[in-house]
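Take a look at the structure below.
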Amino acid sequence: MKTHQHFILHKPYGYLSQFVNNQTKRKKKMLGELYDFPEGTMAVGRLDVNSEGLLLLTTNGKVSEYIRSKKVEKEYCVQVDGVITQKEIDLLKKG
């Protein structure tokens, strides 16, 4: 039986929430540059490149799929710069 590993990472601003760059023309910062993760490590969900925060990583695709499913309730906290209008609040509520 394969032993899986799980990680909690604070994704810095400017990094993609992935390990493989599918765009050969642009050099993007990838999560694999932050640490020597084992082969097959994947992000559970994602954070946009221009955001930062807690990101779960795993080598177990079944765990990733389960956490991303609607079976697991998720709650997100967002901090923004500047003044936010009701329109932006409504957009955030919709995802």
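Taking residue 56 as the residue in question, decide whether it is closer than 24 Å to residue 30 by Cα, at pLDDT 90 or above and in contact with a helix residue (DSSP H, G or I) (Cβ under 8 Å, 6 or more places away or on another chain).
yes
Check off (1) touching a helix residue (DSSP H, G or I) at 6+ places or on another chain (Cβ under 8 Å); (2) more than 26 Å from residue 80 (Cβ to Cβ); (3) hydroxyl-bearing (Ser, Thr, Tyr) for residue 35 and give me the number that stays unchecked.
If we test residue 35 against (1) touching a helix residue (DSSP H, G or I) at 6+ places or on another chain (Cβ under 8 Å); (2) more than 26 Å from residue 80 (Cβ to Cβ); (3) hydroxyl-bearing (Ser, Thr, Tyr), just (1) comes out false.
In this structure, does residue 49 turn out to be within 17 Å of residue 13 (Cβ to Cβ), outside any strand (DSSP E or B), at pLDDT below 95 and of a type in the set (Val, Ile, Thr)?
It is true that residue 49 is within 17 Å of residue 13 (Cβ to Cβ), outside any strand (DSSP E or B), at pLDDT below 95 and of a type in the set (Val, Ile, Thr).
So residue 36 passes all but one of these: (1) modelled with pLDDT under 90; (2) part of a loop (DSSP other than H, G, I, E, B). Which condition number does it fail?
All conditions are met except number (1).
Name the single residue that is surrounded by the fewest Cβ atoms within 10 Å (Cβ to Cβ) among those in the stretch 1-33 being hydroxyl-bearing (Ser, Thr, Tyr) and at pLDDT 90 or above. Write out each step before concluding.
Restricting attention to the stretch 1-33, the residues satisfying the condition of being hydroxyl-bearing (Ser, Thr, Tyr) are 3, 13, 15, 17, 24.
If we keep only those that are at pLDDT 90 or above as well, we get 3, 13, 15, 17.
Working: 3: 7, 13: 12, 15: 20, 17: 19.
Out of the qualifying residues, it is 3.
Suppose the filter is surrounded by 13 or more Cβ atoms within 10 Å (Cβ to Cβ) and assigned to a loop (DSSP other than H, G, I, E, B); does residue 64 pass it? Give the derivation first.
Details: surrounded by 13 or more Cβ atoms within 10 Å (Cβ to Cβ): yes; assigned to a loop (DSSP other than H, G, I, E, B): no.
Considered against the rule, which asks whether it is surrounded by 13 or more Cβ atoms within 10 Å (Cβ to Cβ) and assigned to a loop (DSSP other than H, G, I, E, B), residue 64 comes out as no.
The values are calculated or read from the model by the stated rules, or taken from the named source; none is laboratory data. These figures come from a predicted structure and were not determined experimentally. Cβ coordinates were reconstructed from backbone atoms using ideal geometry, including for glycine residues, and neighbour counts include every protein chain displayed.
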